[in-house]
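Asks: My structure is below; once you've seen it, I'll send some questions.
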Amino acid sequence: MPRTLIRKNPSDFKSLPLFVEATPEGLSYQSVGMPLNFAQTLQKRRPVKVADNERFSLELANLGVSVRLTMHWQGRDYWVLVRQRRQDRGDVVLKLISGYVPAHEVSLPLHTAIQEIAEECLLETPEGWLSGRFNETWLPAPYAGALHYRESLPFRLTPLSGAARPVRCGSQPLQERPRTYVHLPTASLQLIYDLRLEVPKEAKSLSMFHVDERLEGDQLVARLDRKRPDLYLIPLTDGQPCAELYTLSKDRLQQASTRGVRLAESFAPQEGWVVRDERISWKDWVKQQGLSPPAKESRLKRLTGKARQIFSKVVKQSS
């Protein structure tokens, strides 16, 4: 049964509308108007248009932040994705760790990104849940009231190389140079930070879980459901993604089906500064990336060890 970790009052969250100016050389944004609560923000997330993908000025509903998190575990790199039912868009997608940037952090979106990792990506060992550090700063432990965190064995976050084109909040360049796009269907500015998560070698029997907040009545509720870890890994080879999807439970990678899977708009094509799609199918994304689907295993290879032995004996006896 899902375990409730925390409850929040959604009216405590406030965001700010933005005014954005984009040119081929860079993009800048600044807050405008008064802070909005969550319901007001959703009302402003209506489709917008631009005549030129590289040069435009317009007002947007909010600032969003995502993390393309590359996890290094047992000698290999993986992208981390989470499953989310998007109530405002009526779909279910796999997406990057992401969230809305609150009004008081519009000029510090990297802080929001790190907070989202702490809230959405949970790493469990038999001795407890791993804490994390970004450079020399400890990540928050948002569920410390419900879960036991191990402070002696933290995972470490470090920034990877940023985007080529600069982005500024007012006149201040953003740290770590996030990839940036305007999502036209939701009138939002989206920042994607490239971060690396190093799992300590001493962390054994590792499992990963996604925790997401859902609006239930007049509360935001975060729950942990062990039967639905909702956190997925895409393995990388030489820095490039493979057309494979896994979950991780007690140090065992379990292949997940990609049939009918849809990815959020951050995986869709970007034209200049804009993304027009709401989502992209796994199949179309694999084709877009020029990836080859994994070869299907033979029926014999899929059998368990004991069943394989029995099958082999039957084959020998009949030959």
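The values are calculated or read from the model by the stated rules, or taken from the named source; none is laboratory data. All values reported here derive from a predicted model rather than from experimental measurement. So basically every Cβ, Gly included, is an ideal-geometry build from the backbone, and we count neighbours across all protein chains shown.
Asks: What residue, among those in the range 1-19 that are in a strand (DSSP E or B) and under 24 Å from the mean Cα position of the chain (by Cα), is nearest to LYS227 (Cα to Cα)?
Replies: Checked the range 1-19; the qualifying residue nearest to LYS227 (Cα to Cα) is ARG3.
Asks: Please work out which one of (1) polar (S, T, N, Q); (2) assigned to a strand (DSSP E or B); (3) more than 18 Å from the chain's Cα centre (by Cα); (4) within 23 Å of PRO142 (Cα to Cα) is the condition THR70 fails and give its number.
Replies: (3)
Asks: Also, I was wondering about something else. Within the range 134-144, work out how many residues are crowded, with 16+ Cβ neighbours inside 10 Å and either free of Cβ contacts under 8 Å to residues at least 12 places away in the same chain or under 9 Å from ARG156 (Cα atoms) (or both).
Replies: Residues meeting the conditions: 1.
Asks: Of (1) buried (at least 18 other Cβ atoms within 10 Å of the Cβ); (2) in a strand (DSSP E or B); (3) out of contact with any Gly (no Cβ under 8 Å at 6 or more places or on another chain), GLY64 satisfies all except one. Which?
Replies: Of the numbered conditions (1) buried (at least 18 other Cβ atoms within 10 Å of the Cβ); (2) in a strand (DSSP E or B); (3) out of contact with any Gly (no Cβ under 8 Å at 6 or more places or on another chain), the odd one out for GLY64 is (3).
Asks: Checking the condition surrounded by fewer than 20 Cβ atoms within 10 Å (Cβ to Cβ) and either of a type in the set (A, V, I, L, M, F, W, C) or part of a strand (DSSP E or B) (or both), which residue from VAL82, VAL92 passes?
Replies: Matching residue, one of VAL82, VAL92: VAL92.
Asks: Is it the case, given these coordinates, that ARG150 is modelled with pLDDT of 95 or more, of a type in the set (D, E, K, R), surrounded by fewer than 21 Cβ atoms within 10 Å (Cβ to Cβ) and farther than 17 Å from ALA264 by Cα?
Replies: The answer is no for ARG150.
Asks: Please specify each residue of the range 160-182 satisfying the condition of being in a strand (DSSP E or B), of a type outside the set (D, E, K, R) and surrounded by 16 or more Cβ atoms within 10 Å (Cβ to Cβ).
Replies: Selection gives VAL167, CYS169, THR180, TYR181, VAL182.
Asks: Let me ask something additional. Scan the helices (runs of 4 or more DSSP H) fully inside the range 250-319 and keep the ones with 2 or more residues being modelled with pLDDT of 95 or more and out of contact with any Pro (no Cβ under 8 Å at 6 or more places or on another chain). Quick ask: steps written out before the conclusion?
Replies: Numbers: elements: 282-289, 299-302, 305-318.
Fully inside the range 250-319 and qualifying: 282-289.
Asks: Kindly check whether there is at least one residue in the range 76-93 that is among the β-branched types (Val, Ile, Thr), within 18 Å of the chain's Cα centre (by Cα) and modelled with pLDDT under 95.
Replies: Yes: one or more hits.
Asks: Continuing with this model, one more query. Could you list, ordered by first residue, the pairs with Cβ atoms under 8 Å in which the first is in the range 21-49 and touching a residue at least 24 places away in the same chain (Cβ under 8 Å) and of a type in the set (Lys, Arg) and the second is surrounded by fewer than 14 Cβ atoms within 10 Å (Cβ to Cβ) and in a loop (DSSP other than H, G, I, E, B), at least 6 apart or interchain?
Replies: ARG45/ASP88
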